[in-house]
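To keep things clear, I will list the structure first and then write my remarks on it.
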Amino acid sequence: MLESGPKSRPAEVRASVVAEKGGKPSGAKGRRKVEARRQPMTENKPATVGRTGASTDFPKQAGDSQDQWDWVERSIWTERMLERLAQSQESTVWYSLWDKVCNPENLDQAILKVILNRGGAGVDGYTTEQLKGQWAQQRDQLREELNGGTYRPKPARRAWIPKLGSAELRPLGIPAVRDRVVQTALRAVLEPIFEREFAAQSHGFRPRHSALKALAQMESLLQAGYTWVVDADLKQYFDTIPHGRLHQLIKQRIADGRVLNLLEQYLKAGVMESHKGWTPTSEGTPQGAVISPLLANLYLNPLDHQMEDHGYQMVRFADDFVVCGRTEAEARAALAEITAWVQEAGVRLHPAKTRIVNAAEKGGFDFLGYHFEQYRPGGGKKWPRQKSQFKLREKLREKLPRNRGTSVAAIVSDVNKTLRGWYGYFKYSLPSAMQRVDEWTRERIRHILRRRHRRRGLVRGRERTEYPIAWFERQGLFSLKTAQAQWLQSQAGNH
């Protein structure tokens, strides 16, 4: 149980307080009018919106009318601070930030976010549930350690996770829960400063950006005739970012020595792995760390602006990006410029995965889970890439083993959660892709039912007769094909 008193309100109360402090534009001080240093794509470039009326276009994303700073932590970024941010120049350096990192309200918000995000324990075994029960104690202790100069981040716990569609494993660094709190508080201070610098075509792990925004921008380019595509892949990007160059980029904006020292501690904290012990880190920023996406975006930001300034049509989501051109020569020139930049920046393009393709032809390319090909002015074909389909089937296999003994209602309820989530992202695909998923799911459930009748072998006509599509509809099984057809009909009605 949490202590009583104004400094240790229960988590439920804190959550409601955070909700009330959402900083929406309807607040008493009205909409913040802060302009970004870089403007979105100019008029001579394709808009970031897919053409209207296309039945499977990604949703329009331009012209956000919301307050662009409604996501910032208001205990730090007050009206006065935002005005200072709006007036800052490219040469502006921020000095006194440490007190904002240690601000009790900022740490409270950070603790709440870490608890809500859950996640595994770090090397010390301390969990988010324990943090929830020791909210005030940990907040005050962290603040004392930070201000007293005794705080030291622990090494990240290294875990290896399967790499989709490959026998390789991907390293994941899981910071300790207390370190995630401090990183979250630090990010709340730094993110608005760097966010104002980031280019419009960068969409990964940024406030008010998303994978769908990146896909909408890219499809707009394809439909406008930019069908020669540089499909780029940075090899082990997060693990190979050079610390020296990264520090230089940070210091262009941040001059608070204690903030810089804290960032360096995170980068040098190393990783701890079972049976291998502690390994120091001389480069990279661990995937899984709260602060890593911001630092990774900062490192690639010069490339974003270089591509934009030279007229190349780039779309990036973290380390996954494409550059679209009207001709093969334009695409090759863009690839040459990217190659030169990454060599100078100390990172590497994956030689086997970086290529130039013509999206107007068969074959196409993959981006953010989708496969694109045969694009002409006005439209093309897209569907979930092979790895996305494989991942879905793996999830469904786990829920639909042939010996599953629960009721049909329980099976349907469980499967529907996965199907609805997958559909929400991939509903912009060709209808045939939705139909294939439906057919595969029904067949998998028929396998379970066949086994309950003590029948051996594969599903045969008998099961399809006993359990037709109408039977699954009566059980409430979510149909991607039906949901997409209803959505397309509603889209047509809106246009």
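Before moving on, here are some points about what is shown:
- Residue 246 being free of Cβ contacts under 8 Å to residues at least 60 places away in the same chain, open to solvent by 20 Å² or more (accessible area, probe 1.4 Å) and not basic (Lys, Arg): no
- Enumeration of residues in region 277-287 that are of a type outside the set (Phe, Trp, Tyr) and surrounded by fewer than 20 Cβ atoms within 10 Å (Cβ to Cβ): 277, 279, 280, 281, 282, 283
- Of all residues in region 323-344 being part of a helix (DSSP H, G or I) and of a type in the set (Val, Ile, Thr), the one that is nearest to residue 226 (Cα to Cα): 338
- Qualifying residue in region 118-138 (condition: under 27 Å from residue 193 (Cα atoms), in contact (Cβ under 8 Å) with a residue 24 or more places away in the chain and either in a helix (DSSP H, G or I) or open to solvent by 40 Å² or more (accessible area, probe 1.4 Å) (or both)): no
- Of 327, 339, 354, all but one fail to be over 28 Å from residue 294 (Cα atoms) and among the β-branched types (Val, Ile, Thr); the exception is 327.
For (1) at pLDDT below 95; (2) farther than 19 Å from residue 320 by Cα, each residue gets a yes or a no:
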| residue | (1), (2) |
| --- | --- |
| 202 | no, no |
| 211 | no, no |
| 214 | no, no |
| 222 | no, no |
| 226 | no, no |
| 229 | no, no |
| 236 | yes, no |
| 241 | no, no |
| 245 | no, yes |
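- Given (1) closer than 15 Å to residue 234 by Cα; (2) touching a Gly at 6+ places or on another chain (Cβ under 9 Å); (3) open to solvent by less than 40 Å² (accessible area, probe 1.4 Å), number of the condition residue 354 does not satisfy: (2)
- Some residue of region 135-152 being more than 30 Å from residue 385 (Cβ to Cβ) and under 19 Å from the mean Cα position of the chain (by Cα): no
- From the options 90, 35, 73, residue that is at pLDDT below 95, acidic (Asp, Glu) and either part of a helix (DSSP H, G or I) or surrounded by 16 or more Cβ atoms within 10 Å (Cβ to Cβ) (or both): 73
- Residue 237 vs. criteria touching a residue at least 12 places away in the same chain (Cβ under 8 Å), within 30 Å of residue 333 (Cβ to Cβ) and either open to solvent by 40 Å² or more (accessible area, probe 1.4 Å) or touching a Leu at 6+ places or on another chain (Cβ under 9 Å) (or both): yes
- Restricting region 289-334 to residues that are touching a Phe, Trp or Tyr at 6+ places or on another chain (Cβ under 7 Å) and of a type in the set (Ser, Thr, Tyr) leaves a set whose member that is surrounded by the most Cβ atoms within 10 Å (Cβ to Cβ) is 292.
- At least 2 residues being of a type outside the set (Lys, Arg) and surrounded by 14 or more Cβ atoms within 10 Å (Cβ to Cβ) is the threshold, and among the helices (runs of 4 or more DSSP H) wholly inside region 388-495 those reaching it are 408-426, 431-452, 469-475, 480-494.
- Test: residue in region 150-157 that is in contact (Cβ under 8 Å) with a residue 24 or more places away in the chain, under 17 Å from residue 238 (Cβ atoms) and assigned to a strand (DSSP E or B): yes
- Here residue 484 meets each of (1) more than 25 Å from residue 365 (Cα to Cα); (2) touching a Phe, Trp or Tyr at 6+ places or on another chain (Cβ under 8 Å); (3) not hydroxyl-bearing (Ser, Thr, Tyr) with one exception, condition (1).
- Hits in region 198-219 - residues which are more than 18 Å from residue 291 (Cα to Cα) and either open to solvent by less than 10 Å² (accessible area, probe 1.4 Å) or not small (Gly, Ala, Ser) (or both): 199, 201, 212, 213, 214, 215, 216, 217, 218, 219
- Check on residue 305, at pLDDT 95 or above and either assigned to a strand (DSSP E or B) or not hydroxyl-bearing (Ser, Thr, Tyr) (or both): yes
The values are calculated or read from the model by the stated rules, or taken from the named source; none is laboratory data. Note that this is a predicted model, so its numbers are computed, not measured. Note: ideal-geometry Cβ built from the backbone for every residue, glycine included; neighbour counts use all protein chains shown. For accessibility, only protein heavy atoms count, side chains too; no ligands or nucleic acids. Shrake-Rupley method; radii C 1.70, N 1.55, O 1.52, S 1.80 Å.
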